[in-house]
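What follows is a set of notes on a single structure, which appears directly below.
The values are calculated or read from the model by the stated rules, or taken from the named source; none is laboratory data. The shown structure was predicted, so the numbers you read here are calculated from the model rather than taken from an experiment. Cβ sites come from the backbone with ideal geometry, for glycine too, and all protein chains shown count toward neighbours.
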Amino acid sequence: MGEEKTFGVLRTLLWPVHRSEMKKVLSMLFLLFLLCIAYSVLRNLKDTIVLTAKHSGAEAIPFLKVWGMLPGAIIATFCYTRLARVFTREVVFYCIITGFVAYYLLFAFVIHPHSEQLHLHTLGDWLSLHLPEGCRGLISLVRNWTFTTFYVVSELWSTVVLGILFWGFANDTTGVAEAKRTYGILNIGSNIAPVLGGVAGLLCGASLSLGSEAQSWSQTLEKTSLMIACLGFAAMALFYWINRRVLPQKKEETPSSQEVLPKKKTRISVRDSIRYISKSKYLTCLAILVLGFNISINFTDILWKEQLKRFFTDPNAMYLHMQKVTMGIGIIGTVGGALFSLMVNRLGWTFTAILTPMIMTVMAIGFFVFLFFGDALTALTSAVVGASPLMLTVYFGSLQNCLSKAGKYSLFDATKELAFLPLDSDARLQGKAAIDGLGSSLGKSGSSITYQGMLVFLGSLTASTPYICAILFVVLTAWISSVFTLGGLFKKASQPREEMSTNPEVVSS
């Protein structure tokens, strides 16, 4: 199609959108923008709550990933598949967003003010006397159960709202050729969002309370929850408008899709979705990508947060530092998102997809060098940069975290979603529900199980670090290998689909 060749290098880089697509792209961009701002605020909020809670720290996170996130992901995926069988995609979106918003308001105005009365301190003290020192993180999870629940629900926003609801909706309404041009633009919005989310988070905690520190923190939670509620309601209103003014044809297709789903009830169950993935080399490689990222980021993230806990004794200083990291993620991710369309069209899917694991590999090497050889480098670092090895470990870890997550949001997510598009609708439905709904949480939970075993038997994160380092580089190698394999499969599968997507009649179907 000649229209696909009208863009020059500058237009391809900045705005590769045809006039007929303008309304759709802008509305989808703003919808993603709203959802990502909410998550960027929740991400730092949940970490601060857990890291600064009484009798808690970074050692609680591996236990949270397994005993909190894995059950939470299973329940969330089960609820999503059940809702998808009964209701339209639009109603499912409203139900899930409303559920999240209601919980955050309940936590800020009811649960958190009474958390000390609700927490199981007596049980926690008893467990501390009878369990090994390495189980301190598990005890913290049980003792501060309301904070544990908040952490899990906040983390599920990324998995369910962004991964399943938004990107599932985007994939169902976008062809391969259009996605190659516009998904980079969507990712620009998702990467600008953390910048504004970081600023919004700082503003919510900026006003000083006349009461105690606890009262000031409660006010911050209340204002933040109200802001998230406003973002959620705005997203639902925009989604309503998109379905009626931007994609009116989808309203007519809903009854037919509802007729198809009940006939295939067993095909979208969690168990059958996983079995379906195991029979497809394409979906298996795609699952390894998702598992690889989540295992890798979880291994380094916990170690980085342990260094934060050691370096920052003031919770407010820690929260401020994390907000700055979030803004850095947004800025760097925005640049990557702006370059995505140019890279994927000129350099190919494989090159674009390989950048994230390569960045993580290089940055992980630097992080572990400071972590392992900090004492030996004390004199050098003090003389050259005037900083202690712990400070350099914290800031290099922050840079590693910043670049890795920026790569995830600008390149990894977009290439992953592109990889779903050549599949038929049945494979996309089952594969996406299992890979996005369970794959990310299984990756985090699997790495956390490893952490748990090492904490129990070795007693500390420090003693576990060399083993974590070795496993990490094995996972990164498997991830990189799967990218090359999937790249070849994607190229073959997308060619006929891309030719069909250039046909207006096919795109609108």
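Being more than 21 Å from the chain's Cα centre (by Cα) and at pLDDT 90 or above is the filter here, so list the residues in the stretch 218-229 that pass it. Please lay out each step first, then the result.
Taking the stretch 218-229 first, the residues more than 21 Å from the chain's Cα centre (by Cα) are 218-223, 226.
Scanning the stretch 218-229 gives a single hit, LEU226.
Determine whether LEU320 is modelled with pLDDT under 85 and either loosely packed, with under 14 Cβ neighbours inside 10 Å or farther than 30 Å from LYS46 by Cα (or both). The answer is no for LEU320. Taken together, LEU131, LEU127, LEU105, LEU186 contain a single residue that is crowded, with 21+ Cβ neighbours inside 10 Å and either in contact with a helix residue (DSSP H, G or I) (Cβ under 7 Å, 6 or more places away or on another chain) or farther than 30 Å from GLY459 by Cα (or both), which is LEU186.
Scanning the stretch 79-94 for residues that are in a helix (DSSP H, G or I) and free of Cβ contacts under 8 Å to residues at least 40 places away in the same chain yields CYS79, ARG82, LEU83, VAL86, VAL91.
Inspect all residues belonging to the stretch 189-197 and state whether any of them is among the hydrophobic types (A, V, I, L, M, F, W, C), over 16 Å from THR326 (Cβ atoms), in contact (Cβ under 8 Å) with a residue 60 or more places away in the chain and assigned to a helix (DSSP H, G or I). No; the residues of the stretch 189-197 include none that is among the hydrophobic types (A, V, I, L, M, F, W, C), over 16 Å from THR326 (Cβ atoms), in contact (Cβ under 8 Å) with a residue 60 or more places away in the chain and assigned to a helix (DSSP H, G or I). Considering (1) assigned to a helix (DSSP H, G or I); (2) out of contact with any Ser or Thr (no Cβ under 8 Å at 6 or more places or on another chain); (3) surrounded by 21 or more Cβ atoms within 10 Å (Cβ to Cβ), the lone condition that ALA58 does not fulfil carries the number (1).
Would you confirm, using the coordinates I've provided, whether THR52 is in contact (Cβ under 8 Å) with a residue 24 or more places away in the chain and crowded, with 20+ Cβ neighbours inside 10 Å? Judged against the criteria, THR52 is not a match.
Checking each residue in the stretch 75-100 for being in contact with a Ser or Thr (Cβ under 9 Å, 6 or more places away or on another chain) and either loosely packed, with under 15 Cβ neighbours inside 10 Å or over 22 Å from ASP47 (Cα atoms) (or both) picks out THR77, PHE78, THR81, THR88, ARG89, GLU90. When LEU156, LEU129 are screened for being touching a Gly at 6+ places or on another chain (Cβ under 6 Å) and assigned to a helix (DSSP H, G or I), only LEU156 passes.
Considering SER425, SER440, SER464, SER410, the condition of being modelled with pLDDT under 85, under 28 Å from GLU133 (Cβ atoms) and either crowded, with 21+ Cβ neighbours inside 10 Å or of a type outside the set (A, V, I, L, M, F, W, C) (or both) is satisfied by SER464 alone. Only one of the listed residues (ALA478, ALA470) is among the hydrophobic types (A, V, I, L, M, F, W, C), within 29 Å of GLY57 (Cβ to Cβ) and at pLDDT 85 or above. That residue is ALA470.
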